[in-house]
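Notes follow the structure.
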Amino acid sequence: MFAKQSLRFDPLPLPHRSTLNDQQRLAASADFLNHMRQRHSVRDFTDQPVDEAVIKNCIATAGTAPSGANHQPWHFVAVRNPAAKAEIRQAAEKEEEKFYAGGGGDEWIKALEPLGTGVEKPHLTTAPWLIVIFAQRFGEFDDGTRYKNYYVPESVGIATGFLITALHNAGLVCLTHTPNPMKFLNGLLGRPPSEKPVMILAVGHPADDATIPAVAKIKKPLDEILTVK
Ligand code: IYR
């Protein structure tokens, strides 16, 4: 579909334009900041189902992200099948066992201590959905010939940010989970070797007794992350 020789530059008048005035803009930006400050990575889920239509809208939102040469080098697999989730959990915990037994290296394992993470990943079976995000190293024309993708990690990172934001906007919580290595996901989910699994997002509703690590509330102050010149 993309990078075809037949695609040409064709400028369209900007289809959508904000009507906010400066005062409304300031209020909107502050409201959105407040909304996003209420997003937390959650590790404790209920098994309460989430409509597929909601997941589809959130993934469609991710699909609106900007990407290198507009090649949209991503694929999302939304898993709700309990047996498939159990397989993913089993394989992920196998990798995590090696990681926490020392494979991750002392410094990395120490850095995770304040987050309280460990080998057990119950969210992978409790959460009603696992969204697995794949990055496409290259694209393929219909005849199987390849074309290059550009800025793949950046593009997939932006799309994942859109997805996490969309899920939060829909009143859901999620956890970014990155077992290392993740190649087992290609086999379990039938994705080609040209695609690199980037992360698993466990998605659903928070358990009544869900907690977050206190350190997660410590965000760098603006003057540390921003320079205005
Ligand atoms: N994949 C492991 C380790 C882990 C790594 C990072 I970086 C984190 O921010 C959290 C965990 C795990 O999920 O436990």
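The values are calculated or read from the model by the stated rules, or taken from the named source; none is laboratory data. Values in this document were obtained by computation on a predicted structure and should not be read as measured data. Because the Cβ atoms are built from the backbone with ideal geometry, glycine has one as well, and the counts that use them run over all protein chains shown.
Under the condition of being in contact with a strand residue (DSSP E or B) (Cβ under 8 Å, 6 or more places away or on another chain) and within 14 Å of P197 (Cα to Cα), the residues counted in the stretch 160-184 number 7.
Among the residues making up the stretch 197-208, those that are away from the ligand (no atom under 16 Å from the Cβ) and crowded, with 17+ Cβ neighbours inside 10 Å are G204, H205, P206, A207. With the condition kept exactly as written, say whether any residue in the stretch 179-202 is closer than 25 Å to I88 by Cα, part of a strand (DSSP E or B), of a type in the set (V, I, T) and touching a Ser or Thr at 6+ places or on another chain (Cβ under 8 Å). There is at least one residue in the stretch 179-202 that is closer than 25 Å to I88 by Cα, part of a strand (DSSP E or B), of a type in the set (V, I, T) and touching a Ser or Thr at 6+ places or on another chain (Cβ under 8 Å). Of the residues making up the stretch 125-151, those that are touching a His at 6+ places or on another chain (Cβ under 7 Å) and not aromatic (F, W, Y) are Q136, G139, N149. Restricting the first member to the stretch 111-130 and to residues that are aromatic (F, W, Y), and the second to residues that are not in a loop (DSSP other than H, G, I, E, B), the beta-carbon pairs closer than 7 Å and six or more apart or on different chains are W129/I55; W129/A78; W129/V79; W129/V203; W129/G204. Looking only at the stretch 84-103, filter to residues that are within 22 Å of the chain's Cα centre (by Cα) and of a type outside the set (D, E, K, R); which one of those is farthest from the ligand (Cβ to nearest atom)? Among residues in the stretch 84-103 that are within 22 Å of the chain's Cα centre (by Cα) and of a type outside the set (D, E, K, R), the one farthest from the ligand (Cβ to nearest atom) is A84.
Looking at the structure I just gave you, is E154 closer than 30 Å to N34 by Cα, among the charged types (D, E, K, R) and more than 16 Å from the ligand (Cβ to nearest atom)? Yes: the conditions hold for E154. Looking at G63, G68, G103, just one residue is closer than 26 Å to P181 by Cα, touching a helix residue (DSSP H, G or I) at 6+ places or on another chain (Cβ under 6 Å) and surrounded by fewer than 19 Cβ atoms within 10 Å (Cβ to Cβ), and that residue is G68.
None of N149, N186 is without any contact (Cβ under 8 Å) to a residue 60 or more places away in the chain, under 20 Å from Q72 (Cβ atoms), buried (at least 17 other Cβ atoms within 10 Å of the Cβ) and more than 16 Å from the ligand (Cβ to nearest atom) except N186.
When the criteria are applied in full, T117 fails the requirement of being more than 13 Å from the ligand (Cβ to nearest atom) and either assigned to a helix (DSSP H, G or I) or of a type in the set (S, T, Y) (or both). Residues that are buried (at least 17 other Cβ atoms within 10 Å of the Cβ) and under 9 Å from the mean Cα position of the chain (by Cα) were ranked within the stretch 159-173; the one that is nearest to I212 (Cα to Cα) is I164. Checking each residue in the stretch 36-94 for being without any contact (Cβ under 8 Å) to a residue 60 or more places away in the chain, in a helix (DSSP H, G or I) and small (G, A, S) picks out A53, A60, A83, A86. A single entry from P73, P128 fulfils the requirement of being away from the ligand (no atom under 16 Å from the Cβ) and touching an Asp or Glu at 6+ places or on another chain (Cβ under 7 Å): P128.
Of these, F184, F141, F134, which one is modelled with pLDDT under 95 and farther than 22 Å from G116 by Cβ? Every option except F141 fails the conditions.
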